[in-house]
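These notes are about the structure you will find just below.
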Amino acid sequence: QRVVLMDPSEDPDDILRANRSREKTFVFDMVFDHRATQEEVYVSTTKSLIGGVISGYNATIFAYGPTGTGKTYTMLGTDCEPGIYIRTLEDLFKALEATAEEMDYTVSMSYLEIYNEVIRDLLNPSSGFLDLREDSRGNIQIAGITEVSTTNAQEIMQLLTKGNKQRTQEPTAANKTSSRSHAVLQVTVTQKSRRQAIGEEMRIGKLFMVDLAGSERAAQTQNRGKRMKEGAHINRSLLALGNCINALSEKGGSRAQFVNFRDSKLTRLLKDSLGGNSRTVMIAHISPASTSFEESRMTLIYAYRAKNIKTQV
């Protein structure tokens, strides 16, 4: 459960700086090395959330980290090694089928990206930029998003792979096919009891799976002009997410914290799933390369803060 981060530029014989070492130890719920399989990562991070979604809790899974550390691989995976998206949905459908005798259920999902603070539908890219709106009950809706209802995991894999090809990708110095946007897969499970006597009770659980854009510093990507602006937008939404996480994790403190969900589209969309009735998992990705020491350090600090979120249902 421990990550020890060594500073590559440190000289072991340098006595003057011996007590100013930047070596840091972080403790997490779970740490995987390079030998971990997709299955292992899935079972120890996400599998336990599925029961919650079916009983009406929300759940959010983030993949966070600098470009090139494997976020998209963890979430989407490849055909022979599917990632968290597919494994979660397969188990979700299995679990729902087990309750099918007592419950009527529908599962709808949408797949969108947030790029430069605008929302694009990845399943129907020609629909242009979409608006976030709040309905009368305070739920955040996206006007005009395509919702797909299906209980076939194979079909979903094809949809997601197709959607992923529509993502805004640009070569940067850090990675040839760097995803420059946050991809959000939103799955809504609605259940209604088949017994009429109970009254019309509905259970709604939302599951968000978010593949965030790379969190690296601008210097690392050597971006200029348009790429630089785009990186600023990415970092702005990650900062807004970090601020929300900070405010949520300090909730028990002396002063009441205001959580500013309106700072970016990403946090506004995830408002229900960060605070309140929700379980959140953050999977932080770091690269062992000595060149990305700073990135790894920032990523670990960011993810470590997310550990202290306290939610009030």
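The values are calculated or read from the model by the stated rules, or taken from the named source; none is laboratory data. What you see is a predicted model; the values in this text were computed from it and never measured. Remember, those area values only see protein heavy atoms, side chains included, never the ligands or the DNA or RNA. Shrake-Rupley method; radii C 1.70, N 1.55, O 1.52, S 1.80 Å.
Quick rundown of the values:
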| item | result |
| --- | --- |
| Globularity index of the range 92-135, i.e. its alpha-carbon radius of gyration over 2.2 N^0.38 Å | 1.71 |
| Backbone HN-Hα couplings from phi across the range 279-296 [Karplus 6.51/-1.76/1.60, Hz, Gly and Pro as x] | 10, 10, 10, 10, 9, 8, 10, 10, 9, x, 5, 5, 5, 9, 4, 4, 4, 4 |
| Accessible area of the range 2-307 belonging to carbon and sulfur atoms, whole % at 1.4 Å probe | 49 percent |
| Relative contact order computed over the range 2-307 (Cα-Cα under 8 Å; 6+ residues apart), in percent | 25 percent |
| For the range 2-307, alpha-carbon Rg over 2.2 N^0.38 Å | 1.05 |
| Candidate aspartates and glutamates for bridging to Lys47, where Cα separation is under 19 Å - those fewer than 8 sequence places away on the same chain excluded | Asp29, Glu39, Glu81, Glu90, Asp91, Glu97, Asp211 |
| Dimensionless Rg/Rh of the range 37-94 - Kirkwood Rh, Rg from C-alpha atoms | 0.98 |
| Whole-Hz ³J(HN,Hα) from phi, Karplus 6.51 cos²θ - 1.76 cosθ + 1.60, for the range 40-52, glycine and proline x | 4, 4, 5, 4, 8, 10, 10, 4, 6, 7, 5, x, x |
| Pairs from Lys271/Lys307; Lys226/Lys271; Lys24/Lys307; Lys206/Lys271 whose Cα-Cα separation, in the structure shown, is over 21 Å | Lys226/Lys271 |
| Built amide H within the under 5 Å cut-off of Gly83, gap 5+ | Gly77, Thr78 |
| Probe 1.4 Å - accessible area at Ile286, Å² to nearest ten | 60 Å² |
